[in-house]
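Data first, discussion second: the structure below is written as structure tokens.
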Amino acid sequence: MANDGYAQALDADLLAHWPDWAHWRRELVAFTFEPIVMVYHPRLREFSEPPENHAQLLGLLQEQKSALRGRVATYDPAKSGAGYSYAVEESRLTPRYWELVAGLGGVDAALNTTTAQTLQGLAEGRYWLGYNLLGSYASAFVDEHPELELVIPDDYALVVQRLAFMAKQAPHPEAARRFMRFLVSKEGQEVIASQTSLGAIHPEVTGSGSAARLRAEAGGAMRPVELTPELLAALDRLKRRALLTRWQREFHRARQAVPEGQ
């Protein structure tokens, strides 16, 4: 919508303190910092230490096919916009992503359309491992189900953001401008950090629930999805079809390659 001209640019001073990756032409503004995570059920520890990164996860999927069959869940990129977005970004980050897709297929992973579905399955013990879950939802859920364990991968972790813009035809532009100013202010970001599980971007917010704290704990693992025209390229129908075709091919090829009775 911003690219199609429905947004108006905010004043330069409003975003003077904002990271370049978190806004586009001062029209579209990211205001949360939400890592993509893994969540484990305690049953997983009965036969393996939970992986702390993608390489360890791949090794686990390849070595424990029988034990994990039907016990792993992730997004279905063909049915979930979030799942498709994560697939696009992760395939850009590492060529080993496709090995991971094959590994998920090898254990007959459940493909869900929401993080909530996977989290509920973990709480019920139907799944032992959930991959690529939205951290803000997972964090709140794990707080209510302390038997579960949340892990931010230490090699790389995608970070997604919620976005806002001021409509060009806003009927109350001054109110909209004041709200946007509050949203990116230190005060507004401290509300996000302290009263929600969404994560605050503001560089001066450094306590629990802030990007600064998450970056300090995760080292250089955080990989925010930058607001660039590349995001629009992912919506191209031909590119979408090509990525989903390869995803399905890798996923199902691995499943078909599993010897009968294994």
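All of the numbers you see were taken from the coordinates with simple rules; none came from a lab. Treat the numbers as computed from the prediction; the structure is a model and nothing was measured. Glycine gets a Cβ as well: all are built from the backbone with ideal geometry, and neighbour counts include every protein chain shown.
Some values worked out for this structure:
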| item | result |
| --- | --- |
| Label-point separation, Ala67 to Asp154 (7 Å along Cα→Cβ), nm | 2.0 nm |
| Positive-pole candidate from Tyr97, Ala55, Leu129, dipole of the chain, charges at beta carbon | Tyr97 |
| Estimated distance in nm for a label pair at Leu238 and Arg126, the labels positioned 7 Å out from Cα along Cα-to-Cβ | 4.0 nm |
| Between segment 145-193 and segment 31-101, the Cα center-to-center distance that results, in Å | 25 Å |
| Theoretical ellipticity at 222 nm over the chain - DSSP helices of four or more residues, -39500 (n - 2.57) apiece, nearest 500 | -12500 deg cm²/dmol |
| Only Lys, Arg (+1) and Asp, Glu (-1) charged, at Cβ; segment 1-108 dipole about Cα centre in debye | 460 debye |
| Inter-label distance for Arg246 and Arg25, nm, one decimal - labels placed 7 Å from Cα along Cα-to-Cβ | 2.9 nm |
| Charged-residue dipole, Cβ positions (Lys, Arg, Asp, Glu), segment 74-233 about Cα centre, Debye nearest 20 | 720 debye |
| Net lengthening on full extension, Asp13/Thr206 (0.36 nm per residue, minus Cα-Cα) | 67.3 nm |
| Extension gain (nm, one decimal) between Thr113 and Arg181, 0.36 nm per residue minus Cα-Cα | 21.1 nm |
| Relative packing of 173-179, 194-200, 7-13, 60-66, which averages over residues the other C-beta atoms within 10 Å, highest first | 194-200, 60-66, 7-13, 173-179 |
| Those lysines that a straight Cα-Cα span of less than 22 Å connects to Lys65, excepting residues fewer than 8 apart in one chain | none |
